[in-house]
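Undergrad: Have a look at this one.
Only the coordinates and a few stated rules stand behind these numbers; no lab work does. Not measured: the values here are computed from a predicted model. Backbone-built Cβ (ideal geometry, glycine too); neighbour counts: all protein chains shown.
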Amino acid sequence: MNESKTSVHWSFWTISTVALIWNVMSVINYLTQMNPDALATYSESARALVEGRPAWATGAFAIAAFGGVLGCLLLLFRKSSAYYVLIASLIGVVVTMLHTFIVSRSTTFSPFEIALMMLMPLIVAAFLVWYAKLARNTGWIR
């Protein structure tokens, strides 16, 4: 039997590629924070946030970052498992943001820094889960 391929809109490739780049930057951020020499260059408040982060929040950050990269790669390979991996990544973001929110309330972060640290990753991760579901429902991923 010949299975017809569903035509994928150009925006799928663009969004998936940009999302992959975003998540690769998140992995680079994670790896930088695990490097003591690089961490020494951070501002005092940012360094305090990283150094005081418990293991569960660091683990959630790793799941969020590496899960985001894997999920975007799966999107680009048109695999429906991307949806579930991106859900795991979103959960990692939520857990990480929970810790960041608690700590940021007791430090001197500006509203811009809080938005950058908390809202953007959450919005992007939630969007990617929604987008993977849309891609699955439209037949772009199988």
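Undergrad: How large is the Kirkwood hydrodynamic radius of the chain, counting all unique pairs of alpha carbons, in Å?
TA: Over the chain, the inverse of the mean reciprocal pair distance is 16.0 Å.
Undergrad: Place a point 7 Å from Cα of ILE21 in the direction of its Cβ. Which residues in region 112-133 have their backbone N less than 14 Å from it?
TA: Answer for this model: none.
Undergrad: Under 5 Å between amide hydrogens, which residues at least 5 positions from ILE141 or on another chain qualify, with H placed 1.01 Å from N in the peptide plane?
TA: Those qualifying (amide H under 5 Å, at least 5 residues apart or on another chain) are ARG136.
Undergrad: Quickly estimate the mean residue ellipticity at 222 nm for the chain, helices only: each DSSP H run with n ≥ 4 gives -39500 (n - 2.57), and the total goes over all residues, rounded to 500.
TA: -24000 deg cm²/dmol
Undergrad: How do 128-134, 65-71 rank on mean C-beta neighbours within 10 Å, highest first?
TA: Listed from highest to lowest mean packing, they are 65-71, 128-134.
Undergrad: Moving to a separate point now. Looking at the calculated P(r) for region 54-116, what percent of the C-alpha pair distances fall above 14 Å?
TA: When all Cα pairs of region 54-116 are counted, 60 percent exceed 14 Å.
Undergrad: Which one of ALA126, MET25, HIS99 has its Cα pushed farthest toward the positive end of the charge dipole of region 11-137, where Lys and Arg give +1 and Asp and Glu give -1 at the Cβ?
TA: ALA126
Undergrad: LEU20: net charge of surrounding residues, Cβ under 15 Å, Lys/Arg +1, Asp/Glu -1, itself excluded?
TA: It works out to a net charge of +2.
Undergrad: At q = 0.14 Å⁻¹, what base-10 log of I(q)/I(0) does the Debye formula yield for region 1-62 when every alpha carbon is treated as an equal point scatterer in vacuo?
TA: For region 1-62 at q = 0.14 Å⁻¹, log10 I(q)/I(0) is -0.58.
Undergrad: Any chance you could give the angle, 0 to 90 degrees and rounded to 10, that helix 120-137 forms with the longest Cα principal axis of the chain?
TA: It works out to around 10 degrees.
Undergrad: Which angle between 0 and 90 degrees, to the nearest 10, do you get for helix 10-33 versus the longest principal axis of the chain when only C-alpha atoms count?
TA: Once rounded, the angle reads 30 degrees.
Undergrad: Continuing with this model, one more query. Step through the residues of region 44-59 one at a time and calculate ³J(HN,Hα) from phi using the Karplus curve (6.51 cos²θ - 1.76 cosθ + 1.60, θ = phi - 60°), rounding each to whole Hz and writing x for Gly and Pro.
TA: Using θ = phi - 60°, the values come out as 4, 5, 5, 5, 4, 4, 6, 5, x, 6, x, 4, 5, 6, 5, x Hz.
Undergrad: Apply 1/(1 + (r/R0)^6) to the Cβ-Cβ distance of ILE102 and SER11, taking R0 = 30 Å, and write down the FRET efficiency to the nearest 0.05.
TA: 0.20
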